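The values are calculated or read from the model by the stated rules, or taken from the named source; none is laboratory data. Just so it is clear, the model here is predicted, and its values are computed rather than measured. A quick note on method: Cβ atoms are made from the backbone with ideal geometry, for glycine too, and the neighbour counts reach across all protein chains shown.
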Amino acid sequence: MDNTTSDIKETVKQIFTEYLRVNSHRKTPERYAILDTIYSIEGHFDVDELYVRMNDQAKFRVSRATLYNTIILLVNAKLVIKHQFNGSSQYEKSYNRAKHHHQICVQCGSIIESYNEELQEAMAKIKLKNFVPSHYCLYIYGLCAKCDRKNKRKKITKIKKE
């Protein structure tokens, strides 16, 4: 299967169309423009970033209400994943994405996607009683390398001053 961006966008459009049909939602050009814009974004985004991008690049000017409502539909259609990072909602496309984990710096708030086969294999082996998982998200909190170095420099500077 060829996984070019245009092929992926066409596939997610078909999935979304079917989701809208089955759930008796309107198929509006704005909803499809939002889906197309989301599948042009690499990484995480919030609604404000999506709003700016939509109004700068898309053929449609969309309201924040339309964005929020459409994102809910896309999450329910399993085409977008919603995360809660550092107290704010962040989203990312989910179709045809490699499984990954999120490392979140508690100091600067940066989010680093990591691909760790050992963790993925361990998660795949886990058996949960009376529960059939469909997917999972793993958040690892700590310090990014930049903040860790910065803290160590501060500590060394403080020791030298004493």
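Do you know which of the residues in segment 107-130 that are of a type outside the set (Val, Ile, Thr) and assigned to a strand (DSSP E or B) is nearest to Lys9 (Cα to Cα)?
Glu113
Test each condition in (1) of a type in the set (Phe, Trp, Tyr); (2) within 21 Å of Ile15 (Cβ to Cβ); (3) modelled with pLDDT under 90 for Tyr68 and report the one that comes out false.
(3)
Residues in segment 91-106 that are part of a loop (DSSP other than H, G, I, E, B) and polar (S, T, N, Q): how many?
2
So Ser134 passes all but one of these: (1) loosely packed, with under 13 Cβ neighbours inside 10 Å; (2) assigned by TED's automatic domain parsing to the domain that holds Val22. Which condition number does it fail?
Every condition holds for Ser134 apart from (2).
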